[in-house]
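First the structure, in the form of structure tokens, and then the observations on it.
The values are calculated or read from the model by the stated rules, or taken from the named source; none is laboratory data. Note that the structure is a prediction, hence the values are computed from the model and not measured. Neighbour counts run over all protein chains shown; Cβ positions are idealised from the backbone, glycine included.
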Amino acid sequence: MAGTSLPSCLLSQGPSLLFSSSNQDSEANKCRIGITSGKRCLVRCFAKKKISFVDQILDYIEGGPKLRKWYGAPELRPKDGSLSGDDDEFEEEKEDDLDGEKDVVFVTDGDSDLGQMIILQLIVKGTRVKALVKDKRKALEAFGSYVELTTGDASDERFLKKAFKGVGAVISPTEGFLSIVKSFRGVKHAVLLSQLSVYESSGGIQAMMNSKAKKLAEQDENAAISSNVPYTIIRTGKLENSPGGSQGFNFSAGAAAKGSISKEDAARICVEALSVIPPTGLIFEVTNGEEVVSDWEGQLMKVMQRQSDKK
């Protein structure tokens, strides 16, 4: 339905994947549904305030599940998100067929804020996405058929072999995934968002609280470097819940230990990093700052050249 505009939705800031429609009944937000004599239905929404970029993406995504409901599409899978035996075999055959293409991006921790933001931006770019999630049913309700969802233990080689079929790149936005992966067979590029610089710069009680996360971040970076897969490690400053797209960036050495960056901007950099696959590896720091970036591929090439010049 090209002429349909659905109410904006809010992305939860909690650890679980929750999407809900706005329930505020005010003059500033009204929706009217007009039904013509034919089969066509027109939904019109009027809002005084311009909705954010993320809200627009969520409108686009949530339209899928709602439209399937309206037009009598098949119901969701069982509450546990499991597949039947026949479905499991079908999925395996489909993955075998796709294995040669390697054009799928695998996002770990798809239930997290960053995971959700990365998935949304990949969908907007028209990228095929597979996501590792804890609650498949909630993810299905949120993303529908736009994302291929999988649930399992990343340390299980059999599970990961199946999960990585058709996958050309992996984006890991949180600690604890890369370090338990035993094989990256078939993967052409691994992108890791790392908070190691933030953890290393913390002191006192904060350092004690971050000790476990710091250890996981160190293990993930070491796993990426020793994986024999081209890798990009993005060391960001402290992650903030502020809106993205309103500030510039700072790529200078040492910036991550002192600065911060919005989660939306960090998610965007993870997605943009897919456009430049380094010969071996690329490690850089980034926070919000004054530098405006209009050409991300060019910017990442410049950062890679700067790293090469230092060697």
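Points to keep in mind about this one:
- Output for the range 278-310, where each listed residue is assigned to a loop (DSSP other than H, G, I, E, B), farther than 20 Å from Ala256 by Cβ and not acidic (Asp, Glu): Pro279, Thr280, Ser294
- Selection from the range 159-176 of residues that are of a type in the set (A, V, I, L, M, F, W, C) and either surrounded by fewer than 22 Cβ atoms within 10 Å (Cβ to Cβ) or more than 14 Å from the chain's Cα centre (by Cα) (or both): Phe159, Leu160, Ala163, Phe164, Val167
Per-residue answers, yes or no, for (1) surrounded by 14 or more Cβ atoms within 10 Å (Cβ to Cβ); (2) in contact with a Phe, Trp or Tyr (Cβ under 7 Å, 6 or more places away or on another chain); (3) assigned by TED's automatic domain parsing to the domain that holds Val129; (4) under 23 Å from Val105 (Cα atoms):
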| position | (1), (2), (3), (4) |
| --- | --- |
| His189 | yes, no, yes, yes |
| Glu200 | yes, no, yes, no |
| Met208 | no, no, yes, no |
| Ala266 | yes, no, yes, yes |
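- Qualifying residue in the range 243-257 (condition: touching a Phe, Trp or Tyr at 6+ places or on another chain (Cβ under 7 Å), surrounded by fewer than 21 Cβ atoms within 10 Å (Cβ to Cβ) and at pLDDT below 95): yes
- In the range 115-152, residue surrounded by the most Cβ atoms within 10 Å (Cβ to Cβ) [restricted to those that are more than 21 Å from Asp265 (Cα to Cα) and among the polar types (S, T, N, Q)]: Thr150
- Tally, over the range 157-207, of residues that are among the β-branched types (Val, Ile, Thr) and within 20 Å of Arg268 (Cα to Cα): 6
- Answer residue from the range 270-292, given it is β-branched (Val, Ile, Thr) and buried (at least 16 other Cβ atoms within 10 Å of the Cβ) and is nearest to Val129 (Cα to Cα) among those: Val271
- Selection of the range 180-204 for residues being assigned to a helix (DSSP H, G or I) and in contact (Cβ under 8 Å) with a residue 60 or more places away in the chain yields only Ser197.
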